[in-house]
Amino acid sequence: MVTTKNNEDSANRDLYTHGFPLMALCIGLCLAVLLVALDNTILSAAIPRITDEFQSINSVGWYVSAYLLTTCAFQLNFGKLYTIFPMRPVFLFSVLVFEAGSAVCGAAPTSAVLILGRAIAGAGSAGIYSGALVMLAHSVPIEKTPTYTGLLMSMYGIAALIGPLLGGGFTDHISWRWCFFINLPVGALSVVFIFVFVKPLAHMATSRSWRNTLFKDLDIPGSATLLPGVVALLLALQWGGTDYAWSNGRIITLFILSAVLLISFAAVQRKKGDIATVPPRIILHRSVLSGCVFSFLLGGSFYTMVYFLPLWFQTIKEVSATKSGIMCIPLLLSMVVLTLLTGITITCRGCYVPFFYISAILSSIGAGLLTTLTMETSPAKWISYQVIYGAGIGTGFQLAIVASQDVLSLEDVPVGTALVTFFLTLGGSIFTSVGENVFMNKLISSIAQVAPEIDPLLVIHSGARDLRSSLPPGLLAFVQPIYSSALTMAWCVSTALSAASILGAIGIEWRKLKRPQMVGIA
């Protein structure tokens, strides 16, 4: 018995990465995830300055959505790539695409080029984020995965903490363009740690030719229906009620086109079965499907909140970009702490399901309290409200990934992980546009009702920081409360999504983390 146990322990040591290579891998992956996370949060403090330079406040939603859209579109394809090819080359390709997009954003001469760069960077981030999670899952035993996953996910909180500060610092003292240029050295450092200090991980070898791989396994028909389907949906949500009436033929056509394409995508997946981008046997697994629902709703809540919160501070409290980043620290710090504590607790106790409910309850309460902010709200209130919301988001951010990796075989982990992250970013992409639409509609209707002498287009097309200087004397006192009310209406979307995320929690299987199985790493 002792000999058998010693043999098993030796096999487990050989199966997983440990020692200095594991440390180097963790540093490299954390830097890579920090890259992606920073690109989401560093922009928030810079958006008002960008809208000033490009006169494009009505494009704020697209600075976020373009990035999240391509992340969604390519997330599932990268999940398939990581099951077919060696992981490190796929990961390197992702980093290179991301860096190229960041360079385009930094050098963008117009708002349209900036949006294009965001789309390119989003495509690269799809492979970085899912690749980091998959490489980690194949490098440590399952009972330790929550701790390491929590470490990776805490990069989002850390990025959310330092991102607005860096963004504000760059914006106020150098240039908002450095919010993107900073990605280049960080990405290079990540590559050094992963490709120089870590030996190649074994991959799922395949004898199939590149032609079979590219034209069969990658599910090109599925991708050809998914990407335009999501684009059509987002365009309808972005334009409806602002650029065009909801009854406008363009909006109706976009919704119909989106429905047809997404239904076609589902049909393609069913026909292809196990070789589909989304194999039905994986997506229909109870915990995976419920985890996707949970991630979709929580992601929508989080992204909507963090992109409009700095805008509220800069517009209503009239602070600088740097100061607005500092004022968001309570939310982000509590998110980091709870992400780490949740991962450690799950590793120690082995039970993760209760945290789904805790996350939904705390985040919905916190978001609901934030919708009550007014121009007179005291710091004690907006700080404590942020702490509650951040604690809820931090508790739940990694849970769906842990659940999917727990219930799936190691061979299915790349696809399962990609599915969860796909729905996380899809929720952010869709509901940021929804929040933008709610904000714009509320702003326009309130101005028309309270101050009909003010042209709503004057407020819309002025940058957030130029609100005071762009309005005629004496009218700011009328517009600021309207602006505040419109922004908090966008947070009502966050509140509803956090509350609804409990529906995903209900479907998660009650179980403890399984013990590691003797299987090959990929």
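Miscellaneous remarks
- In segment 352-397, the residues that are of a type in the set (Ser, Thr, Tyr) and under 20 Å from Phe296 (Cβ atoms): Tyr352, Tyr357, Ser359, Ser363, Ser364, Tyr389, Thr395
- Restricting segment 390-430 to residues that are within 27 Å of Leu332 (Cβ to Cβ) and not in a helix (DSSP H, G or I), the residue that is nearest to the chain's Cα centre (by Cα): Phe397
- Cβ pairs under 8 Å, 6+ apart, first in segment 368-384 and farther than 13 Å from Leu487 by Cβ, second modelled with pLDDT of 90 or more and among the aromatic types (Phe, Trp, Tyr): Leu369/Tyr385; Leu369/Tyr389
- Tally, over segment 72-86, of residues that are touching a Pro at 6+ places or on another chain (Cβ under 8 Å) and in a helix (DSSP H, G or I): 4
- Residue pairs whose Cβ atoms lie under 9 Å apart, separated by 6 or more positions or on different chains, with the first residue in segment 222-248 and within 30 Å of Gly273 (Cβ to Cβ) and the second charged (D, E, K, R), are Gly222/Lys272.
- Selection over segment 331-345 of residues that are surrounded by fewer than 24 Cβ atoms within 10 Å (Cβ to Cβ) and more than 19 Å from Met305 (Cβ to Cβ) gives a count of 4.
Listed here are the residues, each with its yes/no results for (1) within 17 Å of Gly435 (Cα to Cα); (2) assigned to a loop (DSSP other than H, G, I, E, B); (3) modelled with pLDDT of 85 or more.
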{"site": "Ala202", "(1), (2), (3)": "no, yes, no"}
{"site": "Thr213", "(1), (2), (3)": "no, no, no"}
{"site": "Lys216", "(1), (2), (3)": "no, no, no"}
{"site": "Thr225", "(1), (2), (3)": "no, no, yes"}
{"site": "Pro228", "(1), (2), (3)": "no, no, yes"}
{"site": "Leu233", "(1), (2), (3)": "yes, no, no"}
{"site": "Leu254", "(1), (2), (3)": "no, no, yes"}
{"site": "Ile263", "(1), (2), (3)": "no, no, yes"}
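- Residue in segment 358-374 that is in contact with a Ser or Thr (Cβ under 6 Å, 6 or more places away or on another chain), surrounded by fewer than 20 Cβ atoms within 10 Å (Cβ to Cβ), within 19 Å of Ser154 (Cβ to Cβ) and assigned by TED's automatic domain parsing to the domain that holds Asp172 present: yes
- Candidates Val438, Val450, Val407, filtered to the one that is modelled with pLDDT of 85 or more, surrounded by fewer than 24 Cβ atoms within 10 Å (Cβ to Cβ) and either farther than 29 Å from Arg349 by Cα or among the basic types (Lys, Arg) (or both): Val438
- Where Val230 falls short, out of the listed (1) out of contact with any Ser or Thr (no Cβ under 7 Å at 6 or more places or on another chain); (2) in the same structural domain as Glu411 (by TED's automatic domain parsing): (2)
- The sole residue among Thr17, Thr71, Thr4, Thr41 that is modelled with pLDDT of 75 or more and of a type outside the set (Phe, Trp, Tyr) is Thr71.
- Residue pairs whose Cβ atoms lie under 6 Å apart, sitting 6 or more positions apart in sequence or on different chains, and linking a residue in segment 161-173 that is in contact (Cβ under 8 Å) with a residue 40 or more places away in the chain and on the phi > 0 side of the Ramachandran plot to a partner that is not in a helix (DSSP H, G or I) and not basic (Lys, Arg), do not occur here.
- A Cβ distance below 7 Å, combined with a sequence gap of six or more or placement on separate chains, defines the contacts here; from segment 500-522, residues that are over 18 Å from Gly427 (Cα atoms) reach residues that are at pLDDT below 70 and not hydrophobic (A, V, I, L, M, F, W, C) in the pairs Pro516/Asn12; Ala522/His203.
- Residue match in segment 121-139 (condition: more than 27 Å from Leu262 (Cα to Cα), outside any helix (DSSP H, G or I) and in the same structural domain as Gly416 (by TED's automatic domain parsing)): yes
- Condition met for Ala103 (touching a residue at least 40 places away in the same chain (Cβ under 8 Å) and either closer than 24 Å to Leu410 by Cβ or crowded, with 23+ Cβ neighbours inside 10 Å (or both)): no
- For the condition surrounded by 18 or more Cβ atoms within 10 Å (Cβ to Cβ) and in the same structural domain as Thr425 (by TED's automatic domain parsing), Val268 does not qualify.
The values are calculated or read from the model by the stated rules, or taken from the named source; none is laboratory data. What you are looking at is a predicted structure, and each value in this text was computed from that prediction instead of being measured. Methodologically, a virtual Cβ is constructed for each residue, glycine included, from the backbone with ideal geometry; neighbour enumeration extends over all protein chains shown.
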